[in-house]
There are 2 protein chains.
Amino acid sequence: MSFTAINFKEKFDKFAEQWSPRVIAEMNDYQFKLAKVEGEFVWHQHSDTDEVFIVISGTLTIEFRDGKVTLQAGEMYVVPKGVEHKPIAQSECQIMLVEPKGVLNTGEETSDLTAENDVWI
Amino acid sequence: MSFTAINFKEKFDKFAEQWSPRVIAEMNDYQFKLAKVEGEFVWHQHSDTDEVFIVISGTLTIEFRDGKVTLQAGEMYVVPKGVEHKPIAQSECQIMLVEPKGVLNTGEETSDLTAENDVWI
């Protein structure tokens, strides 16, 4: 058992790739992942799970087919399972995702933006 | 479906009670809870689940029987299931907890600090 705090800034400093989530912690069968995002992601959904977005720095908009929500640092949102969504950031935004282990960033879609899963940092 | 961001500061401004977690979001069968803590909590454990602590502001120390970890704002820690722990804060600290719905703040212990469960804010 390690008695070391997990520091978000230190973890973000260790990678530069955008749209490429890095796992920083596991709680039961859930993972906490950090990602740097900029520009428009692809429309996708996760049929089996809700997905939590927490903004650490910057601004993130999540578009839905019938609305959108904009998150600043210190804000979170839960995308319900099965709901199509498209994250967008005008400039680089640092986010934390919380979701079950094994969830792909592009859900059931596969695209150039599909990232390798379960990459720890 | 609501298109409203969940703002940590706004939620913290809505309550003053310490050691009394308030639910702000649910993801599948997990809950995100905010709490204000100060002083020493009781030793306790959760036999069935890990527990995530994220510090939003202030400083939190989590003591274990064989060590301790100190968290600042922007840091997190996962207490493994079954591990006895005691949170301590020298001055008021704002934290977010992530754990399955139904987990009591004092685990399998009952004390004056046992808070009502599943209170949303």
Sorted from shortest, what are the nm distances separating the label point of B:Leu104 from equivalent points in the other copies, each placed 7 Å from Cα along Cα to C-beta?
4.3
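Stick to Cα atoms and the Kirkwood definition of Rh, then tell me Rg/Rh for chain B. Please report the intermediate quantities before stating the final value.
Working: Rg = 13.6 Å, Rh = 14.5 Å.
Ratio of gyration radius to Kirkwood radius for chain B: 0.94.
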For segment B:32-108, averaging the sequence separation of alpha carbon pairs under 8 Å that lie six or more residues apart and dividing by its residue count, the contact order in percent is 48 percent
Kindly give the distances from B:Lys86 to its copy-mates, label point to label point, with each label point 7 Å from Cα along Cα→Cβ, as nm values to one decimal ordered shortest first.
5.4
quick note, chain B, DSSP beta bridge pairs, % antiparallel (nearest 5) is 95 percent
Sort shortest first the distances from B:Trp43 to its counterpart in every other copy, using label points 7 Å along the Cα-to-beta-carbon line, and give them in nm.
5.7
Compare B:Val98, B:Val42, B:Val83 in a GNM of chain B, Cα atoms joined below 10 Å, and give the one with the largest fluctuation.
B:Val83
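Would you mind calculating the gained length between B:Glu92 and B:Glu109 on full extension (0.36 nm times residue separation, minus the Cα-Cα distance), in nm to one decimal? Show your work: numbers first, answer last.
Values: separation 17, 0.36 × 17 = 6.12 nm, distance 2.32 nm.
This chain segment gains 3.8 nm when fully extended.
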Starting from the Cα of B:Asn7, step 7 Å along the direction of its Cβ; do the same at B:Thr59; then give the gap between the two resulting points in nm.
3.0 nm
Where does chain B land at 222 nm, in deg cm²/dmol rounded to the nearest 500, when only DSSP H runs of n ≥ 4 count, each adding -39500 (n - 2.57), divided by all residues?
-1000 deg cm²/dmol
Once the convex hull of the alpha carbons of the protein assembly as shown is built, what does its volume come to per residue, in cubic angstrom?
116 Å³
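Give A:Lys11/B:Lys68; A:Lys33/B:Lys9; A:Lys101/B:Lys33; A:Lys101/B:Lys14; A:Lys81/B:Lys36 a once-over and call out the pairs whose C-alpha atoms are over 24 Å from each other. Kindly include the intermediate steps, with their values, before the conclusion.
Values: A:Lys11/B:Lys68 21 Å; A:Lys33/B:Lys9 22 Å; A:Lys101/B:Lys33 21 Å; A:Lys101/B:Lys14 33 Å; A:Lys81/B:Lys36 30 Å.
Distance filter (> 24 Å) returns A:Lys101/B:Lys14; A:Lys81/B:Lys36.
We did not get these values from a lab; they are worked out from the coordinates using the rules stated. These numbers were taken from a predicted model, which means no experiment stands behind them. Don't worry about glycine lacking a Cβ; one is built from the backbone with ideal geometry, like all the others, and counts go over all protein chains shown.
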